[in-house]
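Report on one structure; see the data block that follows.
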Amino acid sequence: MLDEFLDISNADLAEIQSPTGTNSTQYGQSNNPSYTNNNNQNRGNNNGNGYQNKPNYQNRNNGGGFQKKEEVIEEPYVPVGIYIDREFPTEVKQNLIRLASRLINKNVVVRYNADDMDVHGPISQLSNKKTEAFTPWKNFNNIESKHYYNTETAKHVASTNFAGWDKVPDAVKAMLARNVRIVFGDKNRSVVLCLITWSPDGASRAAEVTKDTGRSGTIIKLASTYGIPVINLAKPNAEAILEKTFNL
């Protein structure tokens, strides 16, 4: 947006050109003595060009003026989402936890659903700075996390992407909104690079999600609908893709 505007004062046409067509008083001057005196007093040192010199702001920081804010260098923030449902087979859960560890070792932030301590415990111990545990509400299953609040945006996105929204209890709605935050971030401003999960049918696109996909189907469909890649570990080449993508 433009933040500078040109301020043009209205001038009487008679001051610019006389009725006879001859040049009259030059714009910026006046035959009115009082106007001339006020003009000279208000404009101060104008170097004869009709415009007052602007003050020098270069050293104003010593006199309470504006001081340039020091720029802080920040590392790129591109998290990876991992969804681990409590109904997943034990070996699948363990495999996803191992993948989380390998990603963290590559300096990747891992964002995951903290539903049970058997998943949250091992992942949270991997790193404090590189893990983000998302819960559907505060102190869910006695798990403490700062990522628990479902915004109105998260609820809205969940409601528009889940056909039975009005028929499910509030607890389910909270979990669906939590899944939205896993994909898009707490404030809808930090989308995951990809979503890693598992389902029996290996669904990785919205069109592949069926009733056989299970409870991971909702977040798979959500991510796929918005063009976010889904890596389903049930696919034979899933781990090879991850190893090549993240140099694991």
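List of remarks:
- Selected residue (criterion: nearest to the chain's Cα centre (by Cα)) from residues of the stretch 70-103 that are surrounded by 10 or more Cβ atoms within 10 Å (Cβ to Cβ) and free of Cβ contacts under 8 Å to residues at least 12 places away in the same chain: R98
- Residues of the stretch 65-94 satisfying the condition of being touching a strand residue (DSSP E or B) at 6+ places or on another chain (Cβ under 7 Å) and not in a loop (DSSP other than H, G, I, E, B): V80, G81, I82
- Restricting the stretch 215-235 to residues that are at pLDDT 95 or above and in a loop (DSSP other than H, G, I, E, B), the residue that is nearest to V157 (Cα to Cα): Y226
- From the options S159, S127, residue that is part of a loop (DSSP other than H, G, I, E, B) and of a type in the set (S, T, Y): S127
- Enumeration of residues in the stretch 71-104 that are farther than 22 Å from P236 by Cβ and at pLDDT 95 or above: P79, S101, I104
- Selection of first residues in the stretch 119-145 that are in contact (Cβ under 8 Å) with a residue 40 or more places away in the chain and surrounded by 12 or more Cβ atoms within 10 Å (Cβ to Cβ) and of second residues that are among the β-branched types (V, I, T) and part of a loop (DSSP other than H, G, I, E, B), restricted to Cβ pairs under 7 Å at least 6 apart or on distinct chains, gives the following pairs, ordered by first then second residue: E132/V109; T135/I143.
- Leading residue by the ranking (farthest from F88 (Cα to Cα)) among those in the stretch 193-208 that are within 28 Å of the chain's Cα centre (by Cα) and in a loop (DSSP other than H, G, I, E, B): L193
- The listed residue being touching a helix residue (DSSP H, G or I) at 6+ places or on another chain (Cβ under 7 Å) and under 18 Å from A114 (Cα atoms), out of L222, L195, L233: L195
The values are calculated or read from the model by the stated rules, or taken from the named source; none is laboratory data. Note that the structure is a prediction, hence the values are computed from the model and not measured. Cβ: placed from backbone, ideal geometry, glycine included. Neighbour counts: every protein chain shown.
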